[in-house]
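Asker: For reference, the structure I am asking about is given below.
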Amino acid sequence: MKMRILLVVVVLGLMAGVAYRIQHSSSGDKKGGGDRALSVRTVPVAVRDFPRVIDLPGTLEAAQQVAIVSQTGGTVLRQHVQEGDAVRAGQVLFSLDSRPAQARIAQSQATLAGARAETADAVQKLDRLSPLMKSGYISRQEFADAQLALESARARAGTARAELEAAQLDVAYGQIRAPIDGRVGRIAVRPGTLVQAGGTPLTTILAPGTLDVRASVSQQDWPELAAARAHGKVTAEVFRDTDRTVRAKGELVFVDSQIDATTGAVPIKVRLAGAPTALLSGQGVRVRLLLGVEPNVKVVPEAALQHAQVGSYVYVVRGGKAVVQTVNVTRSLDGEEVVEGELHAGEPVLIEIPQRLKAGSKVKLEGTHR
């Protein structure tokens, strides 16, 4: 029994000691914890010129490309090139079956020969009747009939000549040639395919060298672009969708005169300076229009910006304390923000927010990042 009482007394003593230590520790925190400054990472507010840009999605295309369409109907007899082949202007790409046109040529030649013979006979007859008409040996009607026969023969000869030229053109058009130097695109026909004049393109010739980027500028961004164009040429940078490395530079060369009704945007075209091997026609890219600079603006990193229901703000260090400063973001680019608000050049703003940080908390600068 005495042993049990002794154990109870020992346990109660230990519990009382632990409680005292906890209470003493808590009171110590209350006395000194509130004065402990939090270590924070900051960057100074920069006041400098900031680029004015418009970033857009775009599609690359060859600056010069020609859709090859047959100018006559017929069956593809031979395919002289393959997809991707380099060709010269005037080189034969496809040959159509010219036998129907050759038959029309023979027929038209025969018709033309007959019409010419009729014309010659009608001329001779009119020459014989002319003096007889003057002497009164034939009637005016007979002479008029001879004149009509001559005109009819000449008309038939003209028709036959036109048919012959049309058939000869069809034979020439049966040799489908490249109009420019370039590279053959996808071929849509094969030998034996029946093609129609002015129908579906047989293939496309892409000229080597320059590439264009087609894109569209929204109605909201259009006034800024129009103002930049009024002050001179607008240059551009092109990126691949996968990274932000500049792959090419170019110049705005075309702006449509009206808004596209289907997209509500203004179509534009940027011509690249050269044709980098990393870029191909048909590839999706990002194009950045460089419109100039906005002078002497306040710039902070995106990491410094905080958001609340009432708007955006940053923590700025003033008098050794973290002070909440509301700001208005006017422009963003590559992780930097242009802001308006009561900030001054060089003031440190927090780029990492400790969990225990509150407005007015004491802070000490861990370092600055530029």
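Asker: Among the residues in the stretch 179-189, are any surrounded by 13 or more Cβ atoms within 10 Å (Cβ to Cβ) and either part of a helix (DSSP H, G or I) or among the basic types (Lys, Arg) (or both)?
Answerer: Scanning the stretch 179-189 turns up at least one residue that is surrounded by 13 or more Cβ atoms within 10 Å (Cβ to Cβ) and either part of a helix (DSSP H, G or I) or among the basic types (Lys, Arg) (or both).
Asker: Would you please list the contacts, defined by Cβ atoms under 9 Å and residues six or more apart or on different chains, that run from a residue in the stretch 308-328 that is on the phi < 0 side of the Ramachandran plot and in contact (Cβ under 8 Å) with a residue 12 or more places away in the chain to a residue that is of a type in the set (Asp, Glu) and open to solvent by 70 Å² or more (accessible area, probe 1.4 Å)?
Answerer: Correct list of pairs: 316/342; 325/342; 326/342; 327/340; 327/342; 328/340.
Asker: What pairs come up if the first residue lies in the stretch 176-203 and is without any contact (Cβ under 8 Å) to a residue 60 or more places away in the chain, the second is in a loop (DSSP other than H, G, I, E, B) and among the polar types (S, T, N, Q), and their beta carbons are under 8 Å apart, counting only those six or more places apart or on different chains?
Answerer: That search, which allows pairs on different chains as well, returns 188/200.
Asker: Looking at 292, 284, which one is in contact with a His (Cβ under 8 Å, 6 or more places away or on another chain) and either of a type in the set (Phe, Trp, Tyr) or at pLDDT 90 or above (or both)?
Answerer: Step by step, each of 292, 284 is checked, and only 292 is in contact with a His (Cβ under 8 Å, 6 or more places away or on another chain) and either of a type in the set (Phe, Trp, Tyr) or at pLDDT 90 or above (or both).
Asker: Now for a separate question. Can you pull out every residue in the stretch 303-362 that is among the aliphatic types (A, V, I, L, M) and assigned to a loop (DSSP other than H, G, I, E, B)?
Answerer: Our first condition is that a residue be among the aliphatic types (A, V, I, L, M); within the stretch 303-362, this holds for 303-305, 308, 310, 314, 316-317, 322-324, 327, 329, 333, 338-339, 343, 345, 349-351, 353, 357, 359.
Selection gives 305, 310, 343, 345, 351, 353, 357, 359.
Asker: Within the stretch 200-223, how many residues turn out to be surrounded by fewer than 16 Cβ atoms within 10 Å (Cβ to Cβ) and assigned to a helix (DSSP H, G or I)?
Answerer: Residues meeting the conditions: 1.
Asker: Identify, by number, the condition in (1) of a type outside the set (Val, Ile, Thr); (2) farther than 20 Å from residue 197 by Cβ; (3) modelled with pLDDT of 90 or more; (4) surrounded by fewer than 17 Cβ atoms within 10 Å (Cβ to Cβ) that residue 112 doesn't meet.
Answerer: Evaluating residue 112 over (1) of a type outside the set (Val, Ile, Thr); (2) farther than 20 Å from residue 197 by Cβ; (3) modelled with pLDDT of 90 or more; (4) surrounded by fewer than 17 Cβ atoms within 10 Å (Cβ to Cβ) leaves (4) as the failure.
Asker: From the list 152, 130, which one is open to solvent by less than 90 Å² (accessible area, probe 1.4 Å), at pLDDT 90 or above and in a helix (DSSP H, G or I)?
Answerer: On the way: 130 fails: at pLDDT 90 or above.
Being open to solvent by less than 90 Å² (accessible area, probe 1.4 Å), at pLDDT 90 or above and in a helix (DSSP H, G or I) holds for just one of 152, 130, which is 152.
Asker: Now for a separate question. Regarding the stretch 254-261, can at least one residue be identified that is within 14 Å of residue 58 (Cβ to Cβ) and in contact (Cβ under 8 Å) with a residue 60 or more places away in the chain?
Answerer: No; the residues of the stretch 254-261 include none that is within 14 Å of residue 58 (Cβ to Cβ) and in contact (Cβ under 8 Å) with a residue 60 or more places away in the chain.
The values are calculated or read from the model by the stated rules, or taken from the named source; none is laboratory data. Since the structure is predicted, the reported quantities are computational estimates derived from the model, not experimental observations. Because the Cβ atoms are built from the backbone with ideal geometry, glycine has one as well, and the counts that use them run over all protein chains shown. These accessible areas exclude ligands, DNA and RNA; they are computed on the full protein's heavy atoms, side chains included. Shrake-Rupley method; radii C 1.70, N 1.55, O 1.52, S 1.80 Å.
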